[in-house]
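We did not get these values from a lab; they are worked out from the coordinates using the rules stated. Because the structure is a prediction, the values reported are computed rather than measured. Here the Cβ positions follow ideal geometry from the backbone for every residue, glycine too, while neighbour counts run over all protein chains shown.
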């Protein structure tokens, strides 16, 4: 069974509300006729309300780029999953490599954020992936397996079946480098096999995106791989023509 492709654009720390609203409007128009691909964009917290309002009743969903572990309380600067859900988002990116590498989020913290998403009714996009030294040492499967072991511990099969996994080799994010389609598919196949510990519907249904310097020129080759179900797009998501080309390659 072919899984429905899912393309998500991570805008990172770009686009203040007016700019984000304008980009969302352009994407809304350009992608209005797409019916075979699920699409989402992830603006900054500041721009979430504008983008949610602009994309309401469209075929483009909205994700946050992060969530807090706690539901509320004295946690200055944090935004809870419950607040994001009430604002109108459907998804949340959790465990992005920049959160892990730059902000020091551990596997245990990522696990708590996955749980926070389910507590609030958000669908997590869980990011996993290895660094360049880990790849060169042949440890990519061990690293990804460990990240999955911790992040998904204690979840029910139904919860695991409802999330999206984004494989993003850290060495290919924002570097211009990209894993070859075969390299990416191999790790996706490993993840699919790892999901085999759950009932069969889980591995059958979970969508595994590839993330790491995806753009219009390389999307078709990546998305043609049997285990790659979509893409988590970074820089190319900020350009309408590039993002549209990636969505079209998925469809």
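Listing for the model above:
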| item | result |
| --- | --- |
| Boolean, residue 194 is in contact with a helix residue (DSSP H, G or I) (Cβ under 6 Å, 6 or more places away or on another chain), within 18 Å of residue 232 (Cα to Cα) and surrounded by 13 or more Cβ atoms within 10 Å (Cβ to Cβ) | no |
| Residue match in segment 68-81 (condition: more than 23 Å from residue 112 (Cβ to Cβ) and under 21 Å from the mean Cα position of the chain (by Cα)) | no |
| Scan of segment 127-142 for residues that are within 23 Å of residue 113 (Cα to Cα) and out of contact with any helix residue (DSSP H, G or I) (no Cβ under 7 Å at 6 or more places or on another chain), ordered by number | 142 |
| Single residue of 78, 105, 70 found to be more than 17 Å from residue 7 (Cα to Cα) and touching a residue at least 24 places away in the same chain (Cβ under 8 Å) | 70 |
| Residues (crowded, with 18+ Cβ neighbours inside 10 Å and within 18 Å of residue 181 (Cβ to Cβ)) located in segment 197-215 | 208, 209, 210, 211, 212, 213, 214, 215 |
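A quick yes/no check of all residues on (1) within 22 Å of residue 207 (Cα to Cα); (2) surrounded by 15 or more Cβ atoms within 10 Å (Cβ to Cβ):
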site	(1), (2)
99	yes, yes
104	no, no
109	no, yes
141	yes, yes
